[in-house]
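One structure below.
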């Protein structure tokens, strides 16, 4: 597939639906704790449990989600996840209006919505390569990731405005609509669904093992997974203390904190606008390790921030990280999607989510522990150095000897035995992928 993605109706619908869902997720990220704190009068610990429940599904259902994404029509799976999330979120304002809103209900909605989000994410990342083709993967992933950054900028402000106008509970009516928009956009895609030659003849455990085994056998994927997991750990360690650092050490107001993070997020947005051209110039494979190494020294501006105008140092360091995250995530995901055989892609994507996201709650706890033990500024210094150190995994990897990604995988490349035999039978019967 060649040509501009702006002329691809299927991609634009997928992208538009995903963007609507991202905005909905950002609204939830603000409205859920506000609902717990202001309406249900939850304690600090009870509110913190909500954050944990948002990440737990990645540890529990990522691997089964990968198996399912390799076996079923992924577009229908994504539509089902969107509709399910819309219905679940409607339970909150309905519960508030009928007097049945409780903390237990909120916990249940957050957990079940998180489960559906995991299934949607795995299916989405697995479906995208089939819609755009290997030559347009970097551009497609850059556009999608940039919409996530824009949602990060606009979503919290929109959520705050909605909560102020309609109240925390009624905000979820709008939140539910964003997922309905996503479902409708996906339903309008007319591109033919790709055939599935999934591991339906093997059990769940073996199917999961095949995805993990593929990652383990690929030297570059192993390094990417280690880099991502370590980076996520230290990023969350940073986030565990950054707001407290800004408010207590630097005396920043709530408005200033919001502005600092908004300015920092601009780095990711700007990087997204040039990601496709930059990776073509630097090299699609080379961009992975260059994007991890080059911005690293600027991370030191985060713990070096001072009160007043010195807050801009924090914003600059955060912007450098945003640019790094954009370029690295786009390139690393594109590599994974390109070299993984289609019958395994759902399980390989799920394997990455399971391990790399599994380090996130641990990192948040580590950040708090470091802040308590050494102070906020030293904790931030340790965390940003840890973020930069993650680059060592990709610097000392086969990526350093490559300029561009290798050729895209075919359906039979490195496919498990049962799948390869099934594919051979399909070829003999004259069927096409």
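If R0 is 51 Å, what FRET efficiency do you get for residue 6 and residue 165 from their C-beta distance, rounded to 0.05?
Values: r = 35 Å, r/R0 = 0.68.
That pair, residue 6 with residue 165, gives E of 0.90.
In terms of packing, defined here as the mean over residues of other Cβ atoms within 10 angstrom, the peptides 327-333, 342-348, 226-232 line up highest first as 342-348, 327-333, 226-232.
Eigenvalues of the Cα gyration tensor times 5, then square-rooted: what semi-axes does that give for the chain, in whole angstrom, largest first?
Numbers: eigenvalues 239, 154, 78 Å².
They are 35, 28, 20 Å, listed largest first.
By how many nm would the segment from residue 253 to residue 173 grow when fully extended, if each residue of separation counts as 0.36 nm and the alpha-carbon distance is taken off? Walk me through the numbers before you get to the answer.
Numbers: separation 80, 0.36 × 80 = 28.80 nm, distance 3.05 nm.
Result for the pair: 25.8 nm of gain on full extension.
Please list, in order, the residues from segment 129-166 whose amide nitrogen is less than 17 Å from a point placed 7 Å along the Cα→Cβ vector of residue 273. Within reach of a label on residue 273: 142-154.
Divide by every residue of the chain the summed helix terms, -39500 (n - 2.57) for each DSSP H run of at least 4, and state the resulting mean residue ellipticity at 222 nm, rounded to the nearest 500 deg cm²/dmol. Walk me through the numbers before you get to the answer.
Working: 16 runs with 319 residues, N = 433.
-25500 deg cm²/dmol, from helical runs alone.
A full extension of the chain between residue 48 and residue 94 corresponds to an added length of 14.2 nm, given 0.36 nm per residue minus the alpha carbon distance.
For an R0 of 45 angstrom, estimate the FRET efficiency from the Cβ-Cβ distance between residue 369 and residue 190 and round to the nearest 0.05. Step by step, r from the Cβ atoms, then E = 0.30.
Here's the picture: a label point sits 7 Å out from the Cα of residue 403 along the beta-carbon direction, and within segment 101-142 the residues with their amide nitrogen under 20 Å of it are 135-139. Label-to-label distance, residue 38 versus residue 389, with points set 7 angstrom from Cα along the beta-carbon direction: 4.1 nm. Computing FRET efficiency as 1/(1 + (r/R0)^6) for residue 107 and residue 244, where r is the C-beta to C-beta distance and R0 is 22 Å, gives about 0.30. In this label model, residue 55 and residue 280 are separated by 3.8 nm, measuring between points 7 Å along each Cα→Cβ vector.
When peptides 174-187, 112-125, 306-319 are sorted by average Cβ neighbour count within 10 Å, with the highest value leading, the order is 112-125, 174-187, 306-319.
Each reported figure results from applying straightforward, stated rules to the coordinates on display, with no laboratory input. This structure is a prediction, so every number in the text was calculated from the model and none was measured. Heads up, the Cβs are rebuilt from the backbone with ideal geometry, glycines too, and the neighbour counts pull from every protein chain shown.
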